[in-house]
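The structure under discussion appears below in the form of structure tokens.
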Amino acid sequence: MFGLNKKDAGLLLVVAVLALGAPFILNPFPEGSAMAQFNAGYPDLMQRLVIFGIFAIGFNIMFGLTGYLSFGHAAFLGVGSYAAIWMMKLLTMNVVPAIMISVVIAGLFSLLVGWISLRRSGIYFSILTLAFAQMSYALAYSVLTPITGGETGLQPKYDDPRILDRALEEGETARANLFGLQMNSSVNLEVGSWVFTFNAGYYIAAIVMLVAFYLSIRIFRSPFGLMLRAVKSNQQRLNYTGLNSKPYTLAAFVISGMYAGLAGGLLVAMDTQVGAERMFWTASGEVVLMTILGGAGTLIGPVLGAGFIKYMENIVSKINKSILEQWFAFMPDGLEDFVITIIYPFIGKGWHLTLGLMFMMVVIFLPGGLVEGGQKIAKLFKRGKKDDDGAKSADATTPAE
């Protein structure tokens, strides 16, 4: 199917089911219940799950296949966002031109950064990419204020030219759209105590993510992907064979940067507000965590890692002491206070501590990330099933006493 083998086609189908069925999957608890706190099926979070999934998929093409660790990929996310918002301010609020220009500009910028940074490898490459990202952030935050909006950022305004759109009426707000379909338009489905939200912007981002995931599979399975794996395995030995690995690593870097630009453009399509904080080093570190946590070098790992981190950032961070008091109200007062005292540092504003501990455990016990954990669980079930089948067959061949 689509040029994929059976295993890869099955993986693509799984991701498609998860993405398209997210409003149901992420809302397992009825509204108003104590566990509704853990529901994540609202448009803003669902959009971020798939958009940062795209960001992590692209980063994985560079890091997972070649082993080159970039600490500056947020620069391409930010450049793509700025390109998209200027397209919306100057041309049209239709998201298609904005997304296209974000990919192109991010690709050109990544070509420049990659051409310079890939002259070095290892930690020196990482530091160079970090330097470019921080320079980009500093320029966007202060020096290039007329272009980037500086500290306040950019957003569409009433008096923007938008030469392809009709003139706005007094008091009307410019909204991102896809040929007239508003990105923020939603339909709610109520089933008993459950409320499922179907958002136009989310499904557009989800379809783009599926296309991006499909392309990453093709890259992983191509001769180009095989060459990138050879670079990761032993670049020096590859050079001894007479093959120049630089064009391959540069191509991987540019493709990865274009994925980041695509994510940046989609962020603008969903929320037409752009700030320099998207280029800060913490954003680059976040995508590294997503990829390693999910499983670097795997296909679905970065998507899982992005979803896990964004879920914790938006759900676990909202749990406060009053919510804990409601959950543990059935306990005796002394025991309730003790339990809350133990748990509280790991939630709310302390969710980073929980994430850090989980990241340490993954690195120590599951170097292959969440994907390796899933594979180990699957092996346990298969082993148990084989043992049961073996016992049954032994019983069947044993004569009755």
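The values are calculated or read from the model by the stated rules, or taken from the named source; none is laboratory data. Since this is a predicted model, take the numbers as computed values, not measurements. Virtual Cβ from ideal backbone geometry, glycine too; neighbours counted across all protein chains shown. To get the accessible areas, we keep the full protein, side chains included, count just its heavy atoms, and leave off ligands, DNA and RNA. Shrake-Rupley method; radii C 1.70, N 1.55, O 1.52, S 1.80 Å.
Below is a table of values for the structure above.
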| read-out | value |
| --- | --- |
| Shape call, region 159-274: gyration tensor on alpha carbons, a/c limit 1.5 | oblate |
| Segment Val339-Lys379, length gained on full extension (0.36 nm per residue, minus Cα span) | 10.9 nm |
| Residues of region 318-340 with amide N under 14 Å of the 7 Å Cα→Cβ point at Thr354 | 318-325, 327, 340 |
| Local net charge near Arg278, Cβ-Cβ under 14 Å (Lys/Arg +1, Asp/Glu -1) | -3 |
| Region 242-250 - phi-based ³J(HN,Hα) in whole Hz, Karplus 6.51/-1.76/1.60, Gly and Pro as x | x, 8, 8, 7, 4, x, 6, 5, 5 |
| Extension gain, Leu13 back to Asn320 (0.36 nm per residue minus Cα-Cα distance, nm) | 106.8 nm |
| Distance in nm between pseudo-label sites at Leu215 and Lys246 (7 Å out along the Cβ direction from Cα) | 2.6 |
| Cα-based shape type of region 240-384, given that a ≥ b ≥ c are square roots of the gyration tensor eigenvalues and the cut on a/c is 1.5 | oblate |
| Cα gyration tensor shape of region 77-135, rounded if a/c is under 1.5, else prolate or oblate by comparing a/b with b/c | prolate |
| Around Phe2: net Lys/Arg minus Asp/Glu count, Cβ-Cβ under 11 Å | 0 |
| Accessible area in square angstrom per residue, the chain, 1.4 angstrom probe | 51 |
| Rel. contact order, % - alpha carbon contacts under 8 angstrom, at least six apart, the chain | 27 |
| Probe 1.4 Å, all protein chains present, accessible-area order of Asp160, Asp165, Asp8, largest first | Asp165, Asp160, Asp8 |
| 222 nm mean residue ellipticity, helices alone, for the chain (DSSP H n ≥ 4; -39,500 (n - 2.57); rounded to 500) | -21500 deg cm²/dmol |
| Accessible surface of the chain [probe 1.4 Å, protein heavy atoms]: carbon and sulfur percent | 67 |
| Max mean-square fluctuation residue, GNM over the chain, Cα-Cα springs under 10 Å, options Leu226, Leu267, Leu65 | Leu226 |
| Gained length - Lys6 relative to Met331, 0.36 nm times residue gap less alpha-carbon distance | 111.8 nm |
